[in-house]
1. Of the residues 204, 262, 226, 197, which single one is out of contact with any strand residue (DSSP E or B) (no Cβ under 9 Å at 6 or more places or on another chain), within 24 Å of residue 302 (Cβ to Cβ) and assigned by TED's automatic domain parsing to the domain that holds residue 128?
2. Within region 399-421, take every residue that is free of Cβ contacts under 8 Å to residues at least 60 places away in the same chain and surrounded by 19 or more Cβ atoms within 10 Å (Cβ to Cβ) and give me the one that is farthest from the chain's Cα centre (by Cα).
3. Count, please, the residues in region 205-228 that happen to be within 12 Å of the ligand (Cβ to nearest atom) and in contact (Cβ under 8 Å) with a residue 60 or more places away in the chain.
4. Of these, 161, 98, 154, which one is surrounded by 15 or more Cβ atoms within 10 Å (Cβ to Cβ), out of contact with any helix residue (DSSP H, G or I) (no Cβ under 8 Å at 6 or more places or on another chain), assigned by TED's automatic domain parsing to the domain that holds residue 68 and under 19 Å from residue 37 (Cα atoms)?
5. With the condition kept exactly as written, say whether any residue in region 354-362 is in a strand (DSSP E or B), touching a helix residue (DSSP H, G or I) at 6+ places or on another chain (Cβ under 9 Å) and closer than 25 Å to residue 396 by Cβ.
6. Being crowded, with 18+ Cβ neighbours inside 10 Å, under 24 Å from the mean Cα position of the chain (by Cα) and at negative phi narrows it down to one of 359, 354, 303, 313, so name that one.
7. When residue 61 is evaluated against the numbered criteria (1) outside any loop (DSSP other than H, G, I, E, B); (2) within 16 Å of the ligand (Cβ to nearest atom); (3) farther than 16 Å from residue 103 by Cβ, which criterion, by number, is the only one it fails?
8. Considering (1) in contact with a strand residue (DSSP E or B) (Cβ under 8 Å, 6 or more places away or on another chain); (2) over 29 Å from residue 72 (Cβ atoms); (3) within 16 Å of the ligand (Cβ to nearest atom), say which one residue 279 fails and leave the rest.
Ligand code: FUB
């Protein structure tokens, strides 16, 4: 078996989309759900979703969060993993159950709020954890949880920052929704939490935003096996709320969960469906985005769920960075993976692998984005290991033909300084052919 790797520096766009539309789902390399979107002071829009782990076991195995950002609504940057259940000191010892999160920013500190149980009996021990960072999408440290709130089924935190700088905290599940003020430290509730009055058929997934002086509270209902999103309005961030109806129909998942945000003059709805996994009501979900349109009286028109997604808006500066390309056919191969001309064929069974053993991490450890260029007729999966750390499965979306190398699976990891090893293993779905990988430092 050969063990030679070719390195060749090149300048590429990190995020590959040549389309004028984002396409839905817009994140395809891993499964993501429950997107909370925010625009921060650097002018980028950040999405904080939860991460469905493949193969799914209900929502039990969800144990980490990735973040994505954009400045044009089409080219999305994978910012990498920001928190793992193993880093939550007070968390359930078995891990898992890192459900729908949210993020807020106050005085230059980013506060990441995430629901997670503290006990094996997860459903009675929910807490809302907090992790903080000086950056929007990296270097988060778990700092504890919000004290003194209900632990039974109370999930899905949402933090809304009003225009006067007051932060409000909401959460809810199991048909109960509560809200209250946050103290300036952003980790303690100021006064009692209040039941949100006026919501009809509330299930979970609270999101609050403000437009033209009207407060909106959106939430998932209990509709059949496929929840819808409903909303209510108020002239007060803590209600009482006036019920307004359904504004996002079922997306074909059991669950529904989303956020509404304004970016560069347009309003967007982030939500999830299961169009990639197509497992029928499954827990392998993918995040999508479409326009939100309002009527003159402030009510929301029913969201049109599209395959194209929104159009690109002008980017402030092109996101180009220096990438290094490593040819797959020059890496170490085994278990059925074999060279075919200038690419590697048959990455399929768990035993098959491609090992790139001299990936250059540069002078300083940091985040780097891996792009795997692949071709496969049907849906494939690739297991990714970096320096032995198992990132589990990435999706290799079908390119329609086993020689059409249009597939780009994008994923951000942490590399150490100097030499790194990246190993791709078969994922047991359709055979994947790999042409090359590129590595682009992010930090
Ligand atoms: O993703 C896990 C859970 O499913 C979320 O917390 C709920 O809102 C539902 O989407």
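The values are calculated or read from the model by the stated rules, or taken from the named source; none is laboratory data. No experiment lies behind these values; they were computed from the predicted model shown. Cβ placement follows ideal geometry from the backbone for every residue including glycine, while neighbour counts extend to all protein chains displayed.
1. Details: 204 fails: out of contact with any strand residue (DSSP E or B) (no Cβ under 9 Å at 6 or more places or on another chain); 262 fails: out of contact with any strand residue (DSSP E or B) (no Cβ under 9 Å at 6 or more places or on another chain); 197 fails: within 24 Å of residue 302 (Cβ to Cβ).
The match here is 226.
2. Here is the first cut: in region 399-421, the ones free of Cβ contacts under 8 Å to residues at least 60 places away in the same chain are 399-404, 406-407, 415-418.
Retained after the next criterion (residues that are surrounded by 19 or more Cβ atoms within 10 Å (Cβ to Cβ)): 399, 402, 407, 415.
On the way: 399: 23, 402: 29, 407: 20, 415: 21 Å.
Among those residues, the one meeting the criterion is 402.
3. Adding up the residues that qualify gives 2.
4. Exactly one residue qualifies, and that residue is 161.
5. Filtering region 354-362 for residues in a strand (DSSP E or B) gives 354-360.
If we keep only those that are touching a helix residue (DSSP H, G or I) at 6+ places or on another chain (Cβ under 9 Å) as well, we get 354, 356.
From the residues that got through so far, the ones that are closer than 25 Å to residue 396 by Cβ too are 354, 356.
Scanning region 354-362 turns up at least one residue that is in a strand (DSSP E or B), touching a helix residue (DSSP H, G or I) at 6+ places or on another chain (Cβ under 9 Å) and closer than 25 Å to residue 396 by Cβ.
6. On the way: 359 fails: under 24 Å from the mean Cα position of the chain (by Cα); 354 fails: under 24 Å from the mean Cα position of the chain (by Cα); 313 fails: crowded, with 18+ Cβ neighbours inside 10 Å.
Going through 359, 354, 303, 313 in turn, just one is crowded, with 18+ Cβ neighbours inside 10 Å, under 24 Å from the mean Cα position of the chain (by Cα) and at negative phi: 303.
7. It fails just one condition, (1).
8. (1)
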